[in-house]
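Down below is the structure, laid out as structure tokens.
Every number here is computed from the coordinates shown, using simple stated rules; none is lab data. These figures come from a predicted structure and were not determined experimentally. FYI the Cβ positions are ideal-geometry reconstructions off the backbone, even for glycines, and counts take in every protein chain you see.
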Amino acid sequence: MDINLLDWFGYLASLIVLISLLSSSILKLRWINLVGAALFAAYGFMINSLPTAMMNLGIVIINIYYLFKYYSAKEFFQVLEITPDSNYFNSFMDFHKDDVKKFFNKENMKISDATIGFYVLRNMVPAGVFIGEPLSSTRLRVDLDFAVPEYRDFKIGDYIYNKHPEYFLDFGFNELVATTTNEAHTKYLEKMGFTKKGNEYIKKLG
């Protein structure tokens, strides 16, 4: 292999490792870092640098170990209703307000204005917040469905939308309606089973 091509291969591996460190999601960090370390290990073998190759092989093994633990672990989820006088909710929203605006473009959201509001606890940590307002007796508008960056791996959405839709069905809602202009949020809604109809994303329950 031409030496210049080898150099570019090494630069690519370094770039992927650096990109992994920019991820706010531990899961994404592990996957991206795994790819970068594997490429760097290959690069080390190509240039006959065993220390480089072996160190990065070790990083690959560590990433695989923690990814295996992550995917095989049984996690505990629970829905906890938000009370209208919740000071914690106001603090939570204030802390995450800049991130919330990226996906929902909402300011000064008050739980007292919502009909349905709950936290999603993940291993007893408040990892997500849902707020909805009825459009009719059977249709619920999703005003806020926010997961903190560390838990943005679709598991919270899968829990409330797919595995436990009875929370909405018990209130009489069999259709959820969401709107967004954010590309990442659009992908999330599609992953959760929402279908685009006009400017709205619709999910049928039950």
Relative contact order [Cα under 8 Å, 6+ residues apart], region 54-167, whole percent = 21 percent
Relative contact order [Cα under 8 Å, 6+ residues apart], region 3-72, whole percent | 29 percent
Could you tell me which trypsin sites (Lys or Arg not before Pro) in region 48-99 are loop residues by DSSP with no more than 11 other beta carbons within 10 angstrom of their beta carbon?
-> Lys74
Quick one, could you list the DSSP H helices from the chain stretching 24 Å or more along their long axis (Cα atoms) with average Kyte-Doolittle hydropathy of 1.6 or above?
-> 3-20
Summing +1 per Lys or Arg and -1 per Asp or Glu among the other residues with Cβ less than 14 Å from Lys155's Cβ gives +1
Going by how many other Cβ atoms sit within 10 Å of their own, how do Tyr151, Tyr66 line up, fewest first?
-> Tyr66, Tyr151
Net charge, Phe194 excluded, C-beta distance under 10 Å - Lys, Arg +1, Asp, Glu -1 = +3
With a 30 Å threshold on alpha-carbon distance, the violating pairs from Lys74/Lys197; Lys69/Lys203; Lys69/Lys204; Lys69/Lys191; Lys69/Lys196; Lys69/Lys197 are Lys74/Lys197; Lys69/Lys203; Lys69/Lys204; Lys69/Lys196; Lys69/Lys197
Applying the gyration tensor rule to the Cα atoms of the chain (axes a ≥ b ≥ c; rounded if a/c under 1.5, else prolate if a/b exceeds b/c, else oblate), the class is prolate
Which of the aspartates and glutamates could a cross-linker span from Lys101 if the Cα-Cα distance has to be under 14 Å and same-chain partners fewer than 8 positions apart are dropped?
-> Asp143, Asp145, Glu183
Applying the gyration tensor rule to the Cα atoms of region 3-72 (axes a ≥ b ≥ c; rounded if a/c under 1.5, else prolate if a/b exceeds b/c, else oblate), the class is oblate
